[in-house]
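The values are calculated or read from the model by the stated rules, or taken from the named source; none is laboratory data. Note that this is a predicted model, so its numbers are computed, not measured. Positions of Cβ are generated from backbone atoms using ideal geometry, with glycine treated the same way; all protein chains shown enter the neighbour counts. Protein only, heavy atoms only, side chains kept; ligands, DNA and RNA dropped before computing areas. Shrake-Rupley method; radii C 1.70, N 1.55, O 1.52, S 1.80 Å.
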Amino acid sequence: MRFYEFKSSPTKPLTPAQARINALKDQAKRAQAAVKAERARQKIQAAQTTLNQLESYPMSKTFRALHKPNNPYSAWIGIGTYGSFNDALAAVLRKKQQGSIAVQIQDSAKIVVYSA
């Protein structure tokens, strides 16, 4: 290396006031990161709780398939009642491919378990 390639820019030590300001800025950045991480953790925990509740919910034996053929403001029209979710899903997806605007599957408690 050549002598002119070296940069010698001596930095002066910070004054106590400047050092305190820099420390407070760093502390604020760490606190913001901690708040962001805590919010993410709480969202994950809430989603896991909801998922556990849904998994513990006993699925009913019958599923009702419904569709809206023409526009989203029309009434739901029943496709049929099925003994398994997979059968109802197959019927609903078939109607969707045939051009239905909206489809859904309800269990026997009239809770929507699938909607598209």
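Here are some notes:
- Residues with amide H under 5 Å from that of THR62, placed H, sequence gap 5 or more: SER108
- Counting only alpha carbon atoms, the long axis of helix 85-97 and the longest principal axis of the chain meet at about 90°.
- The ASN86 and ALA31 beta-carbon pair, evaluated with R₀ = 35 Å, returns a calculated FRET efficiency of approximately 0.10.
- Excluding same-chain neighbours fewer than eight residues apart, the lysines reachable from LYS96 by a Cα-Cα span under 27 Å are LYS61, LYS68, LYS110.
- Accessible surface of the chain, 1.4 Å probe, proportion on carbon and sulfur as whole %: 58 percent
- A straight chain from THR49 to ALA23 at 0.36 nm per residue would run longer than the Cα-Cα distance by 5.5 nm.
- The candidate values are [x] 18.1, 63; [y] 30.2, 86; [z] 17.6, 56; the one derived from this structure for Rg and Dmax of the Cα atoms in Å carries the label [y].
- Straight-line cross-link partners of LYS36 among the lysines, defined as a Cα under 22 Å from its Cα and at least 8 positions apart when in the same chain: LYS25.
- Per-residue [θ]222 nm for the chain (sum of -39500 (n - 2.57) over DSSP H runs n ≥ 4, rounded to 500): -16500 deg cm²/dmol
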